[in-house]
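Laboratory data are not the source of any read-out in this text; all were calculated from the coordinates shown. Not measured: the values here are computed from a predicted model. Note that each Cβ is placed from the backbone with ideal geometry, even for glycine, and that neighbours are counted across all protein chains shown.
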Amino acid sequence: MASSEELLAGTRRALLHRIATAQSEGRTPSLVAAVQRGGRIVWSGSRSCVDGHAPDQHTQFRIGSITKTFTAVLVMRLRDEGLIALDDPLEKHLPDAGVGDMTVHQLLGHSAGLKAEAPAPWWERTPGSIRPGLADVLGEQPRLQTAGVRHHYSNPGYTLLGALVERLRGASWAEVLRREILEPLEMRRTTTQAQAPHAGGWAVHPWADVMLPEPAEDLGLMAPAGQLWSTAADLLRFAAFLERGDERVLRASSVEEMRAPAAPPEAGDRSGGYGLGLQLMQREGRTLLGHSGSLPGFLAALWFSVQDDVAAVVLTNATSGPLTTAVAADLVGIVAEAEPRIPEPWRPLPAIDEELLGLTGLWYWGTHVHTLKLLADRGLVLQPLRGGGRGARFRALPDGTWVGLDGYYAGESLRVRRTDEGTVDHLDVGSFVFTREPYDASADIPGGVHEKGWQGLAP
């Protein structure tokens, strides 16, 4: 069973072959996948062990820890509204949590030093009602290490973030999620409880072709870490939002902030890292962002490439089976490589800003040569003329300055410094002086310029 639009026949067959192999070799009762390009679903396919009952892109599966990305968006909304700062200690807003000075940022990026799991019994396979309070989720010694030292994935950490959302919104996490994300993005098939049509969760015996039904528990306070049910179509809507932003939910710059590395990879893992509620993965020369998820009876993965403008979702209903992260990443790669993104036509600026145009060209930091380019949105790109070095993109601010978006100057300011006559003297980039000539004697160079100027070697 498959549907498609616009993709070439060879690409469609490669996608179908990949998921068919995954379902067969992974021994999973059913698998559904979908691919999005340019914000539109261009392919979906599924496989099932029951003839005539394959799921489609609107069939619900449990998505496990992909739920964390939704919770992270809710927290970022609080930040954008000025209700919290990411460097706030959690105890400023949840003094009864009892976890000390760990920050909101550390919780989002799993670097708060918390344990990975709630105390026994296994929280994913038991009712959330047996853990009625945060103390029951965190246990007697929730901290394993100093906050901010390393990445250590923590499910209870996202329970704390869900509690933060509830405390500041005065409503349940589920209600806030529905009102602030699901309704604006029209994700009508994403819910906290299963709604038909939905897949049932199964455990497949590792040494025999037999199955066992898995329980589908309500996770209670742990819901912000893994409760949601969703569909391939809904998750691709979410992927489009995570790539572009949506002013109704979260502006593009905040979504971009979520995608930036916030914590290093775990020890021994050089393939990626973790942002703010998003996993990062380097695979075959491209950067993929998204999240994986698992709960007893289900595996899920959502991955997208901003550079290629391609996203893929894979959902299965088995406790263990195909590596959904690898399958989804492969689907992105198949489309991106077989049908590369066609760039938009180059177009000149709609209007000329003579003052900004005058800033472009060569600049010197000491004797290091850089170029400054003007972008269509009044942003700037500063980069070394040749070789490696310090460079960055800068976004224009209303006050006439620019703020660094990446690289060495991320968060730093770029300012145009002028003489008393109003002419440009130099650029101040995070206190570094860039001049039109190397060590320009007429500019305000820190330490001054030797009175004899440039010299050769005396004979």
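Taking other C-beta atoms within 10 angstrom as a stand-in for reagent exposure, V369, V429 fall in the order V369, V429, fewest first. Applying the criteria of a DSSP loop state and at most 12 other Cβ atoms within 10 Å to the GluC sites (Glu not before Pro) of the stretch 179-257 yields E186, E247.
Counting only alpha carbon atoms, the long axis of helix 67-80 and the longest principal axis of the chain meet at about 40°. Normalising the average separation of contacting C-alpha pairs (under 8 angstrom, six or more residues apart) by the number of residues puts the relative contact order of the chain at 16 percent. When both the stretch 342-360 and the stretch 217-296 are represented by their alpha-carbon centers, they are found 34 Å apart. Scan the chain and report its longest stretch carrying no trypsin sites (Lys or Arg not before Pro) that are both in a DSSP loop and have at most 12 other Cβ atoms within 10 Å. My reading of the result: 1-247 is the longest stretch. I need the Debye-formula profile for the stretch 357-459: one equal scatterer per C-alpha, no solvent, reported as log10 I(q)/I(0) at q = 0.10, 0.18 1/Å, two decimals. Reported log10 I(q)/I(0), two decimals: -0.29, -0.87. For a straight C-alpha distance cut-off of 19 angstrom, the aspartates and glutamates reachable from K92 (same-chain residues fewer than eight places away being disregarded) are D80, E81, D101, E166. Bridges between two residues of the chain, per DSSP, are antiparallel at a rate of about 95%. Per the Cα gyration tensor, the chain maps to an equivalent ellipsoid with semi-axes of 46, 28, 19 Å, ordered largest to smallest. Exposure here means at most 15 other Cβ atoms within 10 Å; with chymotrypsin sites (Phe, Trp or Tyr not before Pro) in a DSSP loop as sites, the longest stretch of the chain lacking them is 208-345. Look at L280, L315, L289 and count the other Cβ atoms within 10 Å of each Cβ; fewest to most, that gives L280, L289, L315.
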